[in-house]
Amino acid sequence: MWVILGGYAMITLVLYGFYVPYYLIASPFDEASAAYWLLDTVANIIYSVLAALYTIFAFRVYQFAKSQHDQALNPDAP
């Protein structure tokens, strides 16, 4: 459980760390401008792709735990 929570905390820091430069770049633009909407769209696409890291990380931890469990039950298996 602590591995998953620690991994989620790291992913969250990376995701929200991504928004700091975005806000610095987007702040000079007016919200009605095309440049602001373009930056906002690109940032949201990147955020959506990176948000999949939660699922990927949890699945990798699950696979590792399952392999450790299977290996403990059958030590002769590869």
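Considering the conditions (1) surrounded by 12 or more Cβ atoms within 10 Å (Cβ to Cβ); (2) in a helix (DSSP H, G or I), I56 is excluded by exactly one of them, (1).
The rows are residues; the columns are (1) at pLDDT 85 or above; (2) part of a loop (DSSP other than H, G, I, E, B); (3) farther than 26 Å from R60 by Cα.
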| site | (1), (2), (3) |
| --- | --- |
| Y8 | yes, no, no |
| L15 | yes, no, no |
| Y22 | no, no, yes |
| A32 | yes, yes, yes |
| W37 | yes, no, yes |
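In the range 65-75, is there at least one residue being over 18 Å from Y16 (Cβ atoms), in contact (Cβ under 8 Å) with a residue 24 or more places away in the chain and among the hydrophobic types (A, V, I, L, M, F, W, C)? Scanning the range 65-75 turns up no residue that is over 18 Å from Y16 (Cβ atoms), in contact (Cβ under 8 Å) with a residue 24 or more places away in the chain and among the hydrophobic types (A, V, I, L, M, F, W, C). Within the range 1-26, restricting attention to residues that are under 17 Å from the mean Cα position of the chain (by Cα), in contact (Cβ under 8 Å) with a residue 12 or more places away in the chain and within 17 Å of Y47 (Cβ to Cβ), the residue that is surrounded by the fewest Cβ atoms within 10 Å (Cβ to Cβ) is V14.
Would you check if Y36 is closer than 19 Å to A9 by Cα and either out of contact with any Asp or Glu (no Cβ under 9 Å at 6 or more places or on another chain) or among the hydroxyl-bearing types (S, T, Y) (or both)? So Y36 does not fit the description; no.
The values are calculated or read from the model by the stated rules, or taken from the named source; none is laboratory data. These figures come from a predicted structure and were not determined experimentally. Note: ideal-geometry Cβ built from the backbone for every residue, glycine included; neighbour counts use all protein chains shown.
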